[in-house]
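The values are calculated or read from the model by the stated rules, or taken from the named source; none is laboratory data. Just so we're clear, the structure is a prediction, and the values are computed from it rather than from any experiment. No Cβ is skipped: glycine too gets one built from the backbone with ideal geometry, and neighbour counts run over all protein chains shown.
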Amino acid sequence: MLDKKHHIIHLIKKRLLGKISPGEDAELQDWLAENEEHRKLLEQLTNDDLMDKQMTLFVRSQVEDAWMVVQKNLNTKSPEAARPRHQTKKYIYILGATAAAFIIIVSFSIWYFFVTKQNNEDSRSIVEMNPYSRHESAIPAYKAKLTLSNGNTILLHTIKDGTITTDGVFKLLKHNEYLYYKTTAIVSTDRNIYNSLSTLNGSHFRVILPGGSIINLNVATAVKLDVSSISAIRNVEITSGEAEFSVTPDSKDSFRVTMPAVQQNGITGIIEVKGTRFNVKAYEDDNEKRVTLLEGNLDIYTLPAYSPELTNVSMAGYPATSLKRGDQALLQDDGKISVRHNVDTAEVVSWKNGIVSFNKSHTLKMLKLISRWYDVNVEFSTTKVPEFYFTGKITPETDIQTVIDIMQFQCDSLHMKYDSTARKISVLP
Amino acid sequence: MEKMIDMEAFCNGDKNEFRKVMDKYYMDLRFYAEKFHKNSGVAPEITNESFIRLFNKHKDFVSEQAVKSFLYKVVTNLSINELQTQKARKTRERNYCLSLPSIEEPSILFDSIQKDMWTELVKRIEELSDGCKTILKMHYYEGLSIDEIARLLDTNTRNVANQLYYGRQKLLKMFLNDTSS
């Protein structure tokens with residue numbers, strides 16, 4: 001039965017390729033003569049306009065049919081929605097340890113705090129039933145500030161989509177959470193001119209460079225892009241924060257990312273790649289600067305001090321560390337690099353899905369983290385902040401009060417109060 | 001650049017945004033599901049189910065990438081489950097097929113030929129070069145006009161029209177030269 005279908009398709013193909021035999025052609029003619037629709041089908045493949053229309057119609061009809069089925073199921077309880085509520089729990093967990101003795105006792109136990117999320121049983125009441133206000137959750141927004149080479153600043157989330165301006169030799173275009181750099185015919189001899197882009201607390205943003213390389217910016221991250229090069233942006237400085245770079249391979253030019261200098265002796269790490277994907281975590285206020293290689297190859301050079309000119313010179317001669325896929329380099333405060341192998345790379349970039357991970361993070365570091373993700377200020381009414389280390393994850397929907405409650409539960413001596421109108425956490429004695 | 005989904009509206013259960021997600025990803029997902037289930041006809045069912053599950057979890061998504069990953073994950077899992085239970089189902093399907101009208105019946109045969117041909121053509125969009133693929137998907141999947149695409153990609157309409165034309169010609173060429181079907 002199926003053979004007849006394939007046979008006719010085969011004949012149509014042969015006819016259009018001009019490879020049909022007289023016998024086969026007669027057979028196809030018979031089929032075409034059967035019906036007007038049959039003749040039209042052949043015409044649709046030979047006339048470009050008809051083909052365009054037919055392809056549109058075909059895709060529309062397929063999606064429309066599916067939509068009818070899907071929509072019907074959205075208004076009634078689907079098997080997923082009809083499940084008991086306890087099966088769709090959202091959780092956050094925080095593992096804490098105070099003193100060495102306590103660490104020994106609890107080091108093998110993880111405290112799970114389940115926050116049951118109400119499932120939507122009726123799509124009409126979704127908004128009302130959402131127990132989390134986005135304002136109070138860690139779900140990232142897309143707010144960023146762009147500073148052009150002439151010093152003008154633009155709040156990208158406040159402007160309409162479309163072309164913004166030209167700077168250096170590039171045209172800048174904004175669309176939703178993307179900032180695009182496009183090459184133009186402009187010739188410029190200016191050197192070392194930069195654009196700065198920084199995400200606000202609780203916000204992510206993405207940059208697409210000419211050639212297709214992508215930079216994903218985490219919350220409170222600032223990068224400087226060298227817009228003076230001729231056809232591509234291949235020099236990026238990460239001033240503070242965390243970003244994932246997906247660099248399109250280029251056999252000629254390498255792509256360089258300069259990390260912030262370490263505090264002790266001003267040593268800077270310059271990452272040089274050809275085409276690869278990697279994550280750089282280098283918050284200014286954090287001693288640990290980490291580079292994780294997600295795909296491809298990467299070299300990190302350590303330089304005694306940073307100056308913009310260095311980004312254009314050869315790195316040969318400087319101490320280099322090569323990373324393999326799954327390696328994580330830690331640029332320590334003394335400028336030395338240590339490498340860990342086979343790290344969980346999915347975990348490293350889980351921030352892209354709004355998951356906040358922390359590992360043995362001191363109370364102060366935790367507060368900074370919360371301040372960045374939830375866009376709140378932290379005020380101290382005490383000079384004594386408990387020495388406590390937290391390990392765990394916060395899923396995006398978790399509201400800030402829950403995080404505070406769990407931290408206080410874990411660390412008895414930590415007292416905090418959250419003021420939602422002032423968006424402020426007060427650390428109390 | 002493709003037309004982005006408004007994730008905030010999507011998370012709030014906006015059905016228009018949900019429909020946009022379907023427009024954008026439905027065909028790709030169905031072709032993906034078909035890789036698991038060549039002729040059994042369950043691919044559309046599985047694809048539909050993945051969207052139903054997506055909507056039931058709409059509050060959990062922060063990015064379009066997460067939506068896409070979720071859809072592919074559901075289709076993969078459902079497909080694997082389906083393959084595992086397929087053996088038991090085969091007898092049932094055979095009986096069902098017996099009750100269907102014969103495919104030799106002219107109108108059914110024609111529908112089947114037509115569906116196969118356009119499916120084969122659309123499926124090959126994935127094999128086009130990146131630029132061409134983006135434009136064809138924006139036009140056919142998301143239903144964007146040449147003008148809209150040109151505006152979004154910051155290029156002129158002539159360029160978009162050309163890419164569409166060459167894309168279609170390439171699809172046709174690939175389809176005609178594939179002798180496996």
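If a residue has to be in contact (Cβ under 8 Å) with a residue 12 or more places away in the chain and either of a type in the set (Ser, Thr, Tyr) or under 15 Å from A:LEU298 (Cα atoms) (or both) to count, how many in region A:330-341 make the cut?
Final tally of qualifying residues: 6.
If you scan region A:344-369, which residues turn out to be in a helix (DSSP H, G or I) and of a type in the set (S, T, N, Q)?
Hits for region A:344-369 are A:THR345, A:SER350, A:ASN353, A:THR363.
Evaluate the following for A:TYR374: is it among the hydroxyl-bearing types (Ser, Thr, Tyr), within 20 Å of the chain's Cα centre (by Cα), surrounded by 16 or more Cβ atoms within 10 Å (Cβ to Cβ) and not assigned by TED's automatic domain parsing to the domain that holds A:GLU177?
For A:TYR374, the condition - among the hydroxyl-bearing types (Ser, Thr, Tyr), within 20 Å of the chain's Cα centre (by Cα), surrounded by 16 or more Cβ atoms within 10 Å (Cβ to Cβ) and not assigned by TED's automatic domain parsing to the domain that holds A:GLU177 - is met.
Could you list, in sequence order, all residues of region A:324-335 that are part of a loop (DSSP other than H, G, I, E, B) and at pLDDT 85 or above?
Once the filter is applied, which keeps residues that are part of a loop (DSSP other than H, G, I, E, B) and at pLDDT 85 or above, region A:324-335 yields A:LYS324, A:ARG325, A:GLY326, A:ASP327.
In this structure, is A:LEU369 buried (at least 19 other Cβ atoms within 10 Å of the Cβ), assigned by TED's automatic domain parsing to the domain that holds A:LEU225 and of a type outside the set (D, E, K, R)?
Details: buried (at least 19 other Cβ atoms within 10 Å of the Cβ): yes; assigned by TED's automatic domain parsing to the domain that holds A:LEU225: no; of a type outside the set (D, E, K, R): yes.
Here the answer is no, as A:LEU369 does not meet what is asked.
Where the second residue is modelled with pLDDT under 90 and charged (D, E, K, R) and the first is more than 29 Å from B:CYS11 (Cβ to Cβ) and lies in region A:136-155, which pairs have Cβ atoms under 6 Å and are six or more apart or on separate chains?
The qualifying pairs are A:LEU148/A:ASP167; A:SER149/A:ASP167.
Does A:SER338 satisfy the condition of being in a helix (DSSP H, G or I), touching a strand residue (DSSP E or B) at 6+ places or on another chain (Cβ under 9 Å) and farther than 24 Å from B:GLU64 by Cα?
No; evaluated as a whole, the condition is false for this residue.
Considering each of A:ILE159, A:ILE186 in turn, give the residue that is more than 9 Å from chain B (Cβ to nearest Cβ) and at pLDDT below 85.
After ruling out the rest, the residue left standing is A:ILE186.
Could you tell me which of the residues A:ILE230, A:ILE214 is modelled with pLDDT under 90 and touching a Phe, Trp or Tyr at 6+ places or on another chain (Cβ under 8 Å)?
Only one candidate qualifies: A:ILE214.
Looking only at region A:152-161, decide whether some residue is of a type in the set (A, V, I, L, M) and more than 24 Å from the chain's Cα centre (by Cα).
No - not one qualifying residue is present in region A:152-161.
Collect the residues in region A:241-263 that are at pLDDT below 80 and acidic (Asp, Glu), keeping them in residue-number order.
Hits for region A:241-263 are A:ASP250, A:ASP253.
Could you list all residues from region B:68-102 that are surrounded by 16 or more Cβ atoms within 10 Å (Cβ to Cβ) and at pLDDT below 85?
B:GLU82, the sole residue that qualifies.
Got a sec? Which helices (runs of 4 or more DSSP H) wholly within region B:110-181 have at least 2 residues that are over 17 Å from the mean Cα position of the chain (by Cα), more than 8 Å from chain A (Cβ to nearest Cβ) and charged (D, E, K, R)? It would help to see each step written out before you state the result.
Values: elements: B:130-140, B:146-153, B:157-177.
Filter on region B:110-181 gives B:146-153, B:157-177.
Of all residues in region A:386-427, which are within 14 Å of chain B (Cβ to nearest Cβ) and in a loop (DSSP other than H, G, I, E, B)?
Selection gives A:THR395, A:PRO396, A:GLU397, A:THR398, A:ASP399.
Could you tell me whether region A:406-419 includes any residue that is more than 18 Å from A:ASN218 (Cβ to Cβ), of a type in the set (Asp, Glu) and in contact with a Phe, Trp or Tyr (Cβ under 9 Å, 6 or more places away or on another chain)?
No - not one qualifying residue is present in region A:406-419.
Of the numbered conditions (1) over 21 Å from B:VAL62 (Cβ atoms); (2) in a strand (DSSP E or B), A:THR383 satisfies every one except a single condition; which is it?
Single failed check for A:THR383: (2).
Going residue by residue through region B:57-67, is there one that turns out to be more than 10 Å from chain A (Cβ to nearest Cβ) and either modelled with pLDDT of 85 or more or crowded, with 20+ Cβ neighbours inside 10 Å (or both)?
yes
From the list A:ALA316, A:ALA346, which one is closer than 29 Å to A:GLY266 by Cα, without any contact (Cβ under 8 Å) to a residue 40 or more places away in the chain and among the aliphatic types (A, V, I, L, M)?
A:ALA316
Inside region A:47-68, can you point out the residues that are farther than 23 Å from B:GLY41 by Cβ and more than 9 Å from chain B (Cβ to nearest Cβ)? So that I can check it myself, show each step before the final result.
The initial filter retains those residues of region A:47-68 that are farther than 23 Å from B:GLY41 by Cβ, namely A:47-53, A:56.
Those that are farther than 23 Å from B:GLY41 by Cβ and more than 9 Å from chain B (Cβ to nearest Cβ): A:ASN47, A:ASP49, A:LEU50, A:LYS53.
For the structure I just gave you, tell me whether A:GLN71 is among the polar types (S, T, N, Q), facing chain B (nearest Cβ under 9 Å), part of a helix (DSSP H, G or I) and farther than 24 Å from B:SER145 by Cβ. Step through it out loud before you land on a result.
On the way: among the polar types (S, T, N, Q): yes; facing chain B (nearest Cβ under 9 Å): yes; part of a helix (DSSP H, G or I): yes; farther than 24 Å from B:SER145 by Cβ: yes.
For A:GLN71, the condition - among the polar types (S, T, N, Q), facing chain B (nearest Cβ under 9 Å), part of a helix (DSSP H, G or I) and farther than 24 Å from B:SER145 by Cβ - is met.
Could you figure out which of (1) assigned to a helix (DSSP H, G or I); (2) touching a helix residue (DSSP H, G or I) at 6+ places or on another chain (Cβ under 7 Å); (3) at pLDDT below 85 isn't true of B:MET1?
Only one criterion is unmet by B:MET1, namely (1).
Read through the list (1) surrounded by fewer than 20 Cβ atoms within 10 Å (Cβ to Cβ); (2) within 24 Å of the chain's Cα centre (by Cα); (3) among the hydrophobic types (A, V, I, L, M, F, W, C), then give the number of the only condition that A:ILE215 fails.
All conditions pass for A:ILE215, except number (1).
Could you check region B:1-36 and list, in sequence order, the residues that are more than 7 Å from chain A (Cβ to nearest Cβ), under 15 Å from B:VAL67 (Cα atoms) and hydrophobic (A, V, I, L, M, F, W, C)?
Within region B:1-36, B:ILE5, B:MET7, B:ALA9, B:PHE10, B:CYS11, B:PHE18, B:VAL21, B:LEU29 qualify.
Within region A:75-89, does at least one residue satisfy the condition of being at pLDDT 50 or above, assigned to a helix (DSSP H, G or I) and at negative phi?
Checking region A:75-89: at least one residue is at pLDDT 50 or above, assigned to a helix (DSSP H, G or I) and at negative phi.
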